[in-house]
Amino acid sequence: MSANAPAAVDPKLFRDVLGHYPTGVVVVTGRDAAGEILAMVVGTFSSVSLDPPLVSFMPMKTSRTFDRMQKCSSLCINILGGEQEEIVLRVAQRWENKLDGIDWFPSPSGDPVLSDSVAWIDTTLWDTVEAGDHWIALCEVRDLAVTNPVSPLLFFQGGYGSFVCTSLMARMDHEILPAIHAAHSARPQVEELASSIGCEVTVFTAVSADEMATVLSATGAGVDREEGLAHRIPMVPPIGDSYVFDQDGDTQERWIAKLRGADETVKEVHRARLAFVRDNGYLISFLPAEGSAAYDEMREATRRYESGRLTPSEERSIRASIESSSVDYRIRDLVDHEIYDVGSLVLPIRDPKGGHSMTLRLGQLPSRQTGARINEWIRQARTVVEVLER
């Protein structure tokens, strides 16, 4: 009795199910006979054999770059770090000159090693095996080294990330404890500020380049702390400008690049805010017609972020919720006699090393206030910042 033919597998289901298993991301580089640099992104890299030392990657049969790589005398495999997603996108989206504007140095074979890659592996193509719509490229290892021992970039559930545990308790080290001590030494002033204005006042510290955490919070009479942001919040625009403004240009652009799908007008709003806080030492956001309800989706997103380790799809959903807030972040001049509804006031706090790893945030502020009154809030907040900086 002959076996029944297997049912056709839905390609979408195939990708979805297999997408729940992470794969490493590498950039394979080489040089053709004329010396032209070749590069391609591969998400199917793995170790194969120790004797002989073999690794593999699986390019699509339609890859024109791999057609040319098969004629190269050597190939270098770059294992990427968790912060190199932008490089992946740049290489993948280009048809030629793929490494233009990307820092690299030559491996012993002369092929490009991307700066800040976790490791590089110099290889020669050992064999190519046909596998459906892909090739299995088996490569013999000639030389290799770790150059940047950080968390690698992975591809998982349709997105890139390093997916390292974001537990605050796992990072209660000497870098964070000074912020906690500084904030609590200023507790009386923080509480007085919250009471006098009738708002929520929070002191955040940067836990990493991707996350901020509350180290002190106080509320005025009738203000509900649960209506504020969570104790841990991701640095996704608009969150994090009070930290990022003091970082280098590449870090700022990586932060802005987290605005997936945003047009250039939106990105320019956040670039303008970085320049404004650098010059003025504070930032304001304004509420739209629906008032404080504009923060509902953002607040709920930060609660979900705080709840525990997240899959990439959950992180993308949270990021999208934060980005989609209708709060107005455009820079405005405050006119003393005009009326405003302020969503938040944010002031960076200089740390002992001269950086700005801490932030003072005023939220749940009284509505319908004059520009003169808001300027007074800024003056009061600056006084508390001075105490925190001491």
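The values are calculated or read from the model by the stated rules, or taken from the named source; none is laboratory data. Note that the structure is predicted; figures quoted are calculated from it, not measured. Heads up, the Cβs are rebuilt from the backbone with ideal geometry, glycines too, and the neighbour counts pull from every protein chain shown.
Before moving on, here are some points about what is shown:
- Some residue of region 337-350 being under 29 Å from the mean Cα position of the chain (by Cα), at pLDDT below 95 and farther than 25 Å from Ala294 by Cα: yes
- Some residue of region 114-129 being hydrophobic (A, V, I, L, M, F, W, C), within 28 Å of Ser208 (Cα to Cα), touching a residue at least 40 places away in the same chain (Cβ under 8 Å) and surrounded by fewer than 20 Cβ atoms within 10 Å (Cβ to Cβ): yes
- Note on region 300-318: among residues that are touching a helix residue (DSSP H, G or I) at 6+ places or on another chain (Cβ under 9 Å) and surrounded by fewer than 19 Cβ atoms within 10 Å (Cβ to Cβ), the one that is nearest to Gly363 (Cα to Cα) is Glu300.
- Scope region 337-385; condition without any contact (Cβ under 8 Å) to a residue 24 or more places away in the chain and surrounded by 13 or more Cβ atoms within 10 Å (Cβ to Cβ); matching residues: Arg373, Glu376
- Any chance Gly249 is closer than 22 Å to Glu85 by Cβ and surrounded by fewer than 14 Cβ atoms within 10 Å (Cβ to Cβ): yes
- Residue count for region 223-259, restricted to those that are out of contact with any Pro (no Cβ under 6 Å at 6 or more places or on another chain), closer than 25 Å to Leu193 by Cα and polar (S, T, N, Q): 0
- Extreme residue, modelled with the lowest pLDDT, among residues of region 1-46 that are within 25 Å of the chain's Cα centre (by Cα) and polar (S, T, N, Q): Thr23
- Selected residue (criterion: farthest from Phe204 (Cα to Cα)) from residues of region 290-316 that are without any contact (Cβ under 8 Å) to a residue 12 or more places away in the chain and of a type in the set (Gly, Ala, Ser): Ala293
- Residue match in region 88-99 (condition: more than 22 Å from Ser49 (Cα to Cα), of a type outside the set (Val, Ile, Thr) and at pLDDT 90 or above): yes
- Every residue from region 119-158 that is of a type in the set (Gly, Ala, Ser), in a strand (DSSP E or B) and closer than 14 Å to Val25 by Cβ: Ala119
- When Ser285 is tested against the conditions (1) of a type in the set (S, T, N, Q); (2) surrounded by 15 or more Cβ atoms within 10 Å (Cβ to Cβ); (3) out of contact with any Asp or Glu (no Cβ under 7 Å at 6 or more places or on another chain), the lone failure is (3).
- The lone criterion from (1) outside any loop (DSSP other than H, G, I, E, B); (2) touching a Leu at 6+ places or on another chain (Cβ under 8 Å) left unmet by Cys72 is number (1).
- Only listed residue being buried (at least 23 other Cβ atoms within 10 Å of the Cβ), within 20 Å of the chain's Cα centre (by Cα) and not small (Gly, Ala, Ser), chosen from Ile87, Ile102: Ile87
- Matching residues in region 315-351 - criterion: being charged (D, E, K, R) and under 28 Å from Thr265 (Cβ atoms): Glu315, Arg316, Arg319, Glu323, Asp328, Arg330, Arg332, Asp333, Glu338, Asp341
- Meets criteria (surrounded by 19 or more Cβ atoms within 10 Å (Cβ to Cβ), outside any helix (DSSP H, G or I) and either touching a Ser or Thr at 6+ places or on another chain (Cβ under 6 Å) or polar (S, T, N, Q) (or both)) for Ile233: yes
- Scanning region 36-68 for residues that are crowded, with 22+ Cβ neighbours inside 10 Å and either among the basic types (Lys, Arg) or part of a helix (DSSP H, G or I) (or both) yields a single hit, Phe66.
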